[in-house]
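Peer 1: After the structure tokens below, expect a handful of questions from me.
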Amino acid sequence: MAGKPRNKRKHPQTRAQKPRGNPQKAHVSRAPQATKRATFGDWVGAARLRTLPLAIAPVLIGTGAATLVTVELRWVMALACLVVALALQIGVNYANDYSDGVRGTDDFRVGPARMTGSRKAKPRTVLMVAFGFFALAAVVGLAIVIVSQQWWLLLVGAACVVAAWFYTGGKRPYGYAGFGELFVFVFFGLVATVGTTYVQALTVPQEAWFGAVAAGLLACAVLLANNLRDIDQDRLSGKRTLSVRIGKRATQVLFTLFVLIPFGIAVVLALFFPIAWLTLLALLAGLPAILIVWTYREPRELVTCLALTSLTALAYGAGLFWAFFG
């Protein structure tokens, strides 16, 4: 007896899945899943060593300005200020790695892959490392406050850590709204330089303010180079940096001004501190950076520009330190 024919299972036609969010993201390849765990070299790279001169320069300038009042170099206090500045800078870099990674922003980046975005490390691990550096900055900062007996500086230190986190962290990061340059100018320029001078001299000569403005502008130039490199990817991912808001051409003009204005300040200072003329040697790195910004064809070329601008800031800071201290 013939068996009852089996009903063939019908497979409904699979519908094409529509990409979520911005449809333009479909044209951008996401970061591949990592097959290896992060090495020590990966963690060092994630600290973004190219940006560390931005933490060193204001401490050099602020310490040099302090010697105009105290005469003697308070190297222990200066070293403590340097530790705080470096810890905050590295903490910001890891916090940025974490926040951009979990948001998916780094899936569209052009520069070197990040720890979270490349899946080489767990997001929570990167976050804990960031908090570890923030904690180091807080502990050393507390020691500075105890020694200087300037307790109101605790509020300044807390503001630095909070601003560092909310740059790309939280529900409404201001770095995603085009205010990153303002944060960098205030905290890595004014606060870092003037704060270094104040804790050593308990007063702030006008030279420290001039140097603080210069350091802040050079730090902003580095951020502009970074954001110009990622301008197309940031636009796709919804990250509204200043470069995304004002466009490529205006960013190029602003970058040029941020690099050159500090040397105008140096010329004014050189009228009173002749050694400050030597800061013009930093243009050997600054001018090529400007040239790259105006002539680059591939975004990756701006990685070199970023490194040159950081070197410019470091050489500039060393020059002003020598001018003030000498």
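The values are calculated or read from the model by the stated rules, or taken from the named source; none is laboratory data. The structure presented is a predicted model; accordingly, all values stated were derived computationally and were not measured. Glycine gets a Cβ as well: all are built from the backbone with ideal geometry, and neighbour counts include every protein chain shown.
Peer 1: Does the stretch 244-254 contain at least one residue that is at pLDDT 95 or above, touching a helix residue (DSSP H, G or I) at 6+ places or on another chain (Cβ under 7 Å) and among the polar types (S, T, N, Q)?
Peer 2: yes
Peer 1: Ok, one more. From the list Arg240, Arg235, which residue is under 30 Å from Gly101 (Cα atoms), in contact with an Asp or Glu (Cβ under 8 Å, 6 or more places away or on another chain) and of a type in the set (D, E, K, R)?
Peer 2: Checking each option against the conditions leaves just Arg240.
Peer 1: Take the residues in the stretch 239-274 that are within 19 Å of the chain's Cα centre (by Cα) and closer than 15 Å to Tyr176 by Cα; name whichever of them is surrounded by the fewest Cβ atoms within 10 Å (Cβ to Cβ).
Peer 2: Arg245
Peer 1: If we only count helices (runs of 4 or more DSSP H) wholly inside the stretch 209-315, which ones have 2 or more residues that are in contact with a Leu (Cβ under 6 Å, 6 or more places away or on another chain)?
Peer 2: Output list reads 248-270, 283-295.
Peer 1: On to the next question. Please state which one of Phe188, Phe166 is surrounded by fewer than 22 Cβ atoms within 10 Å (Cβ to Cβ) and either out of contact with any His (no Cβ under 8 Å at 6 or more places or on another chain) or closer than 16 Å to Leu86 by Cβ (or both).
Peer 2: Going through Phe188, Phe166 in turn, the sole match is Phe166.
Peer 1: When the residues of the stretch 59-72 are filtered to those that are touching a helix residue (DSSP H, G or I) at 6+ places or on another chain (Cβ under 6 Å) and among the aliphatic types (A, V, I, L, M), which remaining residue is surrounded by the fewest Cβ atoms within 10 Å (Cβ to Cβ)? Give the derivation first.
Peer 2: Going through the stretch 59-72, the residues touching a helix residue (DSSP H, G or I) at 6+ places or on another chain (Cβ under 6 Å) turn out to be 59-70.
Still in the list and also among the aliphatic types (A, V, I, L, M): 59-61, 65-66, 68-69.
Working: Val59: 26, Leu60: 27, Ile61: 32, Ala65: 30, Ala66: 30, Leu68: 17, Val69: 15.
Residue satisfying both the conditions and the ranking: Val69.
Peer 1: For the condition modelled with pLDDT under 55 and either assigned to a helix (DSSP H, G or I) or within 23 Å of Leu314 (Cα to Cα) (or both), what is the one hit in Gln24, Gln17, Gln89, Gln13?
Peer 2: Gln24
Peer 1: Quick check, is Ser310 among the small types (Gly, Ala, Ser) and in contact (Cβ under 8 Å) with a residue 40 or more places away in the chain?
Peer 2: yes
Peer 1: So which residues in the stretch 27-72 are part of a loop (DSSP other than H, G, I, E, B) and either in contact with a Pro (Cβ under 7 Å, 6 or more places away or on another chain) or modelled with pLDDT of 90 or more (or both)?
Peer 2: Leu52
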